[in-house]
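Student: Have a look at this one.
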Amino acid sequence: MQKNIYGKRSEIIAQNYLKKNKYKILHTNYSNQLGEIDIIAKDKNGYIVFIEVKSRMSKKFGDPLEAIDLKKQQKIKNVAISYLKSHKLMDNNCRFDAISVLGDTDDDIRHVIDVF
């Protein structure tokens, strides 16, 4: 349960970071039969951005972003394609970003644009 609370807090930290950087949050925890995407946003250039948030209390077990393996990437891509189709946004530019939150504050956030 504690891990789940930490994960949700990290997603809120990521959302606040994105808002400060002029992203418009479209959906959080978007899910369908194919899986889930943590955050779907629109950046200041109009790109639809599918964002995976990963967090850890420390780097003791590695960088949080290392958890986004090829299988996870493919699942996110499939959910994103389904989202774009169902919202009639297939003609929009889009990309996949990742945000890592290390610790339980917004002191150590890393935003990787176009991560895969």
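Taken together, the values in this text are just the output of simple stated rules run on the coordinates, not laboratory data. No experiment lies behind these values; they were computed from the predicted model shown. All Cβ positions, glycine included, derive from the backbone under ideal geometry; neighbour counts span all protein chains shown.
Student: Among the residues of region 1-49, which ones are among the small types (Gly, Ala, Ser), part of a strand (DSSP E or B) and in contact (Cβ under 8 Å) with a residue 24 or more places away in the chain?
Tutor: Passing the criteria: Ser31, Gly35.
Student: A further question on this structure: In region 57-64, is there at least one residue being of a type in the set (D, E, K, R), in contact (Cβ under 8 Å) with a residue 12 or more places away in the chain and not in a helix (DSSP H, G or I)?
Tutor: Scanning region 57-64 turns up at least one residue that is of a type in the set (D, E, K, R), in contact (Cβ under 8 Å) with a residue 12 or more places away in the chain and not in a helix (DSSP H, G or I).
Student: Quick one: in region 81-116, which of the residues that are in a strand (DSSP E or B) and hydrophobic (A, V, I, L, M, F, W, C) is farthest from Leu65 (Cα to Cα)?
Tutor: Looking at the filtered set, the residue picked out is Cys94.
Student: Separate question: Any residue that is on the phi < 0 side of the Ramachandran plot, surrounded by fewer than 17 Cβ atoms within 10 Å (Cβ to Cβ) and in contact with a helix residue (DSSP H, G or I) (Cβ under 9 Å, 6 or more places away or on another chain) - is there at least one of those in region 48-66?
Tutor: yes
Student: Right, something else. For region 67-116, give me the residue count where each residue is touching a Ser or Thr at 6+ places or on another chain (Cβ under 7 Å) and surrounded by fewer than 15 Cβ atoms within 10 Å (Cβ to Cβ).
Tutor: 1
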